[in-house]
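Q: Shown below is the structure under consideration.
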Amino acid sequence: MTASVSLIVPTQRRPTGLATALRSLVCQTGVDPAQLELVVADNDAVPSAQAFVEGLIAPFPVRYVHEPRPGVANVRNAALAVAAGELIAFLDDDEEAPPTWLADLIAAQTALNADAVFGPVRGRAPEGVRHRAYLEDFFSRHGPADTRRLASWYGCGNSLIRRSAMPHPTAPFDPSRNASGGEDDLLFARMAAAGATFGWAHAAFVWEDPVPSRLTLAYALRRAFAYGQGPSEHCAAEKNVGGIVRWMLAGLVQTALWTPVVAIKWALVAPDRAMPLDRLMRGLGKTFWFPPFSQTFYGRPA
């Protein structure tokens, strides 16, 4: 490995998940520790993760950053402001990386010469959770069965990004997405517009263990609605009126197609009835992307 890598984990009041994520990172194999650093950015109002992070025993430098200003873009930018790596690897604080995760990401990025590569995510939910199959799939990320170039992109969690391809080296995430999320989607869209290339690292998977408050149908559907809003919101941010109209029309069509399916599945109490409701919510999100329908997921007080 020739390029230095900064491992970045944003966190906010998830001590158990953070401990799992960080312990998985210090056990990475097939990489030179001398080329690595770990940056943990804490978005709690008080530095609640500081003691654990500073007490972590790792074979590479560990940096703790406290970003009290709430917001997902703020905390990611705070980490990048101190990170020294040419490559930036993002892991979320509810994810766990197998020992070869980083080596697999780097191998894919090198083979594809891509500006950003993404890996699979395998959602995990405890036994007894309602709609468990849907929720595990909802929190998963699927992609091709092999490593290849991509025409589009995924989210930041489980990604490796070339810093020089970002629109700004230390503050590439747009604060306008602090509360709603989608700051990563906006970043990658802007990178793509500037000619960046993307890839899929099929072997670089991670597990995701959502906190119990997120393992509900209500939360997942609200998030699906927000995911639907993403393309329309991006067009609005770029003042692309034609794009807004196209996405809103697509949302109307999607809503019309899935509404009868939802009605039938729920009337029959079908085991997979949550899936078509998810698709319906994404369609509605494309159409109703503006206030007062904006969603807030980040920066809330405890």
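The values are calculated or read from the model by the stated rules, or taken from the named source; none is laboratory data. Only a predicted model underlies this, so the values are computations on that prediction, with no experimental measurement involved. So basically every Cβ, Gly included, is an ideal-geometry build from the backbone, and we count neighbours across all protein chains shown. SASA here: full protein model, heavy atoms, side chains in, ligands and nucleic acids out. Shrake-Rupley method; radii C 1.70, N 1.55, O 1.52, S 1.80 Å.
Q: I need the semi-axes of the equivalent ellipsoid of the stretch 92-249: take the C-alpha gyration tensor, multiply each eigenvalue by 5, square-root it, list largest first in whole angstrom. Provide the component values of the computation, followed by the final result.
A: Numbers: eigenvalues 125, 107, 36 Å².
Working through the eigenvalues yields semi-axes of 25, 23, 13 Å.
Q: Amide H of VAL62 versus every other amide H placed in the peptide plane: which residues, excluding those fewer than 5 positions away on the same chain, fall under 5 Å?
A: LEU38
Q: Any chance you could run the full-extension gain for PHE297 through ALA192? It's 0.36 nm times the residue separation minus the Cα-Cα distance, nm to one decimal. Don't skip to the end; give the middle numbers.
A: Working: separation 105, 0.36 × 105 = 37.80 nm, distance 2.56 nm.
Length difference between fully extended and current span is 35.2 nm.
Q: Something else now. For the chain, build the convex hull from the C-alpha positions and give me its volume per residue in Å³. Spell out each step's value before the answer.
A: Details: hull volume 40.1 nm³, N = 302.
Looking at the chain, the number lands at 133 Å³ per residue.
Q: Next question. Quick one: pull the percent of accessible area on the chain belonging to carbon and sulfur, 1.4 Å probe, ligands and nucleic acids left out.
A: Numbers: 8180 of 13440 Å².
Answer for the chain: carbon and sulfur cover 61 percent of the accessible area.
Q: While we're on this one: Rounded to the nearest 500 deg cm²/dmol, what is the calculated helix-only ellipticity per residue at 222 nm for the chain, with -39500 (n - 2.57) per DSSP H run of length n ≥ 4?
A: Working: 9 runs with 119 residues, N = 302.
After summing the helix terms and dividing by residue count, I get -12500 deg cm²/dmol.
Q: Provide the percentage of antiparallel DSSP beta bridges, counting only those with both residues in the chain; round to the nearest 5. Spell out each step's value before the answer.
A: Values: 13 of 35 bridges.
If we restrict to bridges inside the chain, about 35 percent are antiparallel.
Q: At what distance in nm do the modelled label points of ARG149 and ALA171 sit from each other, each positioned 7 Å from its Cα along Cα→Cβ?
A: 3.4 nm
Q: A further question follows. Net charge near VAL62: determine it from the other residues with C-beta under 10 Å of the C-beta of VAL62, scoring Lys and Arg +1 and Asp and Glu -1.
A: Values: positive: ARG63; negative: GLU37, GLU54.
Once all neighbours under 10 Å are counted, the net charge is -1.
Q: Taking the Cα atoms of the stretch 1-156, what is the range of coordinates along each of the three principal axes, in descending order and whole Å?
A: The principal-axis extents, from largest down, are 46, 41, 27 Å.
Q: Further question on the same structure: What distance in nm separates the simple spin-label points at THR100 and ARG130, each placed 7 Å from Cα in the Cβ direction?
A: Rounded to a tenth, the inter-label distance reads 4.1 nm.
Q: Picking from TYR134, PRO33, ALA107, whose Cα lies most toward the positive end of the charge dipole for the stretch 29-148 (charges on Cβ: Lys, Arg +1; Asp, Glu -1)?
A: Of the options given, the answer is TYR134.
Q: Which of rounded, prolate, oblate describes the stretch 38-120, given a ≥ b ≥ c as roots of the alpha-carbon gyration tensor eigenvalues and a/c under 1.5 marking rounded, otherwise prolate only if a/b is larger than b/c?
A: Values: a/c = 2.11, a/b = 1.63, b/c = 1.30.
The shape class here is prolate.
Q: The stretch 222-293: which trypsin sites (Lys or Arg not before Pro) are DSSP loop and have at most 11 other beta-carbon atoms within 10 angstrom? List each step's numbers first, then the result.
A: On the way: sites: ARG222, ARG223, LYS239, ARG246, LYS265, ARG273, ARG279, ARG282, LYS286; in loops: LYS239, ARG273.
For trypsin sites (Lys or Arg not before Pro) across the stretch 222-293 that sit outside H, G, I, E and B with at most 11 neighbouring Cβ atoms in 10 Å, the list reads LYS239.
Q: So, one more: Please go through the stretch 108-189 and write out the GluC sites (Glu not before Pro) that DSSP classes as loop and that have at most 13 other C-beta atoms within 10 Å. Could the numbers behind the result be given before it?
A: Numbers: sites: GLU127, GLU136, GLU183; in loops: GLU127.
Here the sparse-neighbourhood loop sites are GLU127.
Q: Amide H neighbours of GLY119 under 5 Å, at least 5 residues apart or on other chains, H built in the peptide plane: list them.
A: ALA201
Q: Could I ask something else about it? Treat every Asp and Glu Cβ in the chain as -1 and every Lys and Arg Cβ as +1, leave all other atoms uncharged, and give the resulting dipole magnitude about the Cα centre to the nearest 20 debye.
A: It comes to approximately 940 debye.
Q: Quick check: the angle from helix 101-112's long axis to the longest principal axis of the chain, C-alpha only, nearest 10 degrees?
A: Result, in degrees: 80.
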